[in-house]
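Worksheet: the structure to be examined is printed underneath.
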Amino acid sequence: MSKRALINFQRESSSRNGQPTWLLRTLDGQEVEAFTRFSEFAQGYAPRTTKRYLEVVGRFLDYLSEAGVFGISPLTTRRLNAVIDAYPLLLRDGSERTARRVLQQASLDSDDQWLAVTAQALGWPPLKAGSFSNTLAAVNHFLSLSESLANEELELASLLGIEHNGRLSSLIKALQGKVKMTSVEVHRMRQNSMLGSVAKYVGKGMRRPGRMR
């Protein structure tokens with residue numbers, strides 16, 4: 001998986017513990033806290049591995065954003081599961097083949113058009129078979145961290161008096177109303193909650209798909 005420009009985020013060079021790293025920001029300048037926390041975790045690896053892990057997770061976030069995970073309205077459970085299930089397949093087949101497969105099978109009642117649009121926008125080549133293990137390892141580490149961050153947001157929301165019934169979906173909806181938080185704080189809590197929802201549905205982590213070409 002080669003490094004290429006992101007569509008929905010901007011990389012910003014930074015340093016941590018005397019080592020070069022980078023931050024990830026949305027196009028309107030909001031820092032992606034989950035990525036920053038992951039970059040701290042990844043520094044425990046060799047510099048080359050750290051660099052690759054950050055590139056992989058940056059592209060994973062770009063995929064989630066392009067697929068609508070961070071949209072104004074939360075995705076339905078069915079769509080969220082579809083986004084998660086499609087990711088390893090998109091890695092395996094690349095954008096061109098994925099989009100072609102979806103469009104060939106398209107029908108008036110098809111619910112897969114989002115995948116063709118997402119694949120075409122990202123323009124990813126197929127991932128080499130030998131790169132699958134460390135690519136998914138990086139994503140699964142990130143998802144584990146995201147789940148922890150989401151739980152922290154639930155605890156913080158309770159302290160702030162924001163009702164959520166212990167559910168991330170309820171917290172995301174509550175943040176659409178009036179809350180005593182700055183716009184930056186709302187953005188962070190909402191984004192971390194959405195990533196926690198992704199982690200929840202992945203369960204034990206994303207797995208390598210079969211039929212590697």
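The values are calculated or read from the model by the stated rules, or taken from the named source; none is laboratory data. These figures come from a predicted structure and were not determined experimentally. FYI the Cβ positions are ideal-geometry reconstructions off the backbone, even for glycines, and counts take in every protein chain you see. Surface accessibility is based on the protein's heavy atoms, side chains included, excluding ligands, DNA and RNA. Shrake-Rupley method; radii C 1.70, N 1.55, O 1.52, S 1.80 Å.
Mind ranking 64-71, 124-131, 149-156, 192-199 by how tightly packed they are, going by the mean number of other C-beta atoms within 10 angstrom, highest first?
Listed from highest to lowest mean packing, they are 192-199, 64-71, 149-156, 124-131.
Please arrange Lys51, Lys178 by accessible surface area, largest first, computed with a 1.4 Å probe and ligands excluded.
Greatest to least solvent exposure: Lys178, Lys51.
Which of the three applies to region 1-100, rounded, prolate or oblate, going by the alpha-carbon gyration tensor with a ≥ b ≥ c and a/c under 1.5 meaning rounded?
prolate
Mind grabbing the accessible area of Thr36 for me, 1.4 Å probe, Å², rounded to tens?
Using a 1.4 Å probe on the heavy atoms, I get roughly 20 Å².
Ignoring any ligand, DNA or RNA, what whole percent of the accessible area of the chain comes from carbon and sulfur when the probe is 1.4 angstrom?
The computed percentage sits at 49.
Ranked by accessible surface with a 1.4 Å probe, highest first, in what order do Arg59, Arg48 come?
Correct descending sequence by accessible area is Arg48, Arg59.
Alpha carbon centre of region 1-50 versus region 71-96: separation in Å?
So the separation of the two Cα centres works out to 23 Å.
Nearest 500 deg cm²/dmol is fine: what mean residue ellipticity at 222 nm does the chain get from its DSSP H runs of n ≥ 4 alone, each adding -39,500 (n - 2.57), divided by its residue count?
-19500 deg cm²/dmol
Classify region 11-50 from the C-alpha gyration tensor, please: rounded if a/c falls under 1.5, else prolate or oblate depending on whether a/b exceeds b/c.
In terms of gyration-tensor shape, prolate.
Ranked by accessible surface with a 1.4 Å probe, highest first, in what order do Asp85, Asp93 come?
Highest to lowest solvent-accessible surface, that is Asp85, Asp93.
So what is the accessible area of the chain per residue, in Å², with the probe set to 1.4 Å?
Value returned for the chain: 53 Å² of accessible area per residue.
Quick check on my link table: of Lys180/Lys204; Lys128/Lys200; Lys178/Lys200; Lys51/Lys178; Lys51/Lys173; Lys128/Lys204, which ones sit more than 32 Å apart, alpha carbon to alpha carbon?
Lys180/Lys204; Lys51/Lys178; Lys51/Lys173
Give the label of the value calculated from the structure for Cα Rg over 2.2 N^0.38 Å, choosing from (i) 1.03; (ii) 1.19; (iii) 1.13.
Derived directly from the coordinates: (i).
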